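Written out below as structure tokens is the structure these notes cover.
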Amino acid sequence: MNTNNLQNYLNSFAKEVVKESKGMLQRAKGDSDLSKSIRATVTKDANGFVVKFFMYDYGTFLDKGVSGNKQKRSYTDYKGVKESSPYSYTTKQPPPDILSKWIKKKGIKPKGLGRGRDKNTGRFISNLAFIIGKKIKAKGIKSLSFFQVPFGIQYKNLGENILNEYAQDITTYLTTFTKNK
């Protein structure tokens with residue numbers, strides 16, 4: 001039996017989730033690298049159709065947040081339920097080399113420290129990335145739910161729409177079958 005309507009609907013479902021996720025991420029973070037990595041595929045296998053979504057690994061941390069060792073974080077899942085983040089910092093903090101690249105890209109400079117000196121000790125701040133990493137370890141990373149929310153919005157109508165599209169496919173099949181008989 002031909003399942004074109006169903007497959008086309010699943011493709012548009014996936015495309016809409018990707019489009020809305022990219023839009024939410026751009027509005028919240030302006031992260032074009034992560035945004036460009038978000039994509040979906042719809043494939044058919046022996047059990048039916050499979051819809052898969054892909055993004056850079058760190059997208060999951062931004063979507064669901066990361067608890068710090070002093071502050072717990074939560075996110076809103078695709079059902080609209082507030083959940084605790086499954087990720088947390090315990091003993092390690094974000095790698096300074098990654099934070100250094102981010103600091104340079106953003107053009108961040110210490111404020112009010114006079115030529116990079118610690119205002120309390122007078123010593124030079126040798127590694128701003130380490131200081132930022134320490135704060136992230138303590139407070140964590142706030143969830144953006146940039147994937148969960150769009151997925152949930154589209155998912156609400158998925159069941160009813162799938163039935164409608166499948167009914168169209170069946171009608172097309174029966175009409176074609178009776179014409180060919």
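The values are calculated or read from the model by the stated rules, or taken from the named source; none is laboratory data. Predicted model, so just to flag it, every value in this text is computed and none were measured. In this analysis, Cβ positions are derived from the backbone assuming ideal geometry, glycine residues included, and neighbour counts consider all displayed protein chains.
Going by what's in this entry, would ASP77 be described as surrounded by 15 or more Cβ atoms within 10 Å (Cβ to Cβ), closer than 14 Å to LYS142 by Cβ and among the acidic types (Asp, Glu)?
When the stated conditions are applied, ASP77 does not pass them.
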Counting only helices (runs of 4 or more DSSP H) wholly inside the range 1-97, the ones holding at least 2 residues that are within 17 Å of PHE151 (Cα to Cα) and in contact (Cβ under 8 Å) with a residue 60 or more places away in the chain are 4-28, 58-64
Condition test on ILE136, is it under 22 Å from ILE38 (Cα atoms), at pLDDT 80 or above and surrounded by 11 or more Cβ atoms within 10 Å (Cβ to Cβ)?
no
Name, by its number, the condition in (1) surrounded by 14 or more Cβ atoms within 10 Å (Cβ to Cβ); (2) at pLDDT 90 or above; (3) more than 22 Å from SER32 (Cβ to Cβ) that does not hold for PRO150.
(3)
Residues of the range 47-59 being surrounded by fewer than 15 Cβ atoms within 10 Å (Cβ to Cβ) and within 21 Å of LEU158 (Cα to Cα), which ones?
ASN47, GLY48, VAL50, VAL51, LYS52, PHE54
Only one of these conditions is not met by VAL66: (1) buried (at least 18 other Cβ atoms within 10 Å of the Cβ); (2) farther than 30 Å from GLY133 by Cα. Which number is it?
(2)
State yes or no: is LYS105 charged (D, E, K, R) and in a loop (DSSP other than H, G, I, E, B)?
no
Across the range 30-43, what is the total count of residues that are touching a helix residue (DSSP H, G or I) at 6+ places or on another chain (Cβ under 7 Å) and of a type outside the set (Ser, Thr, Tyr)?
6
Determine, yes or no, whether SER85 is in contact with a Gly (Cβ under 8 Å, 6 or more places away or on another chain) and among the polar types (S, T, N, Q).
yes
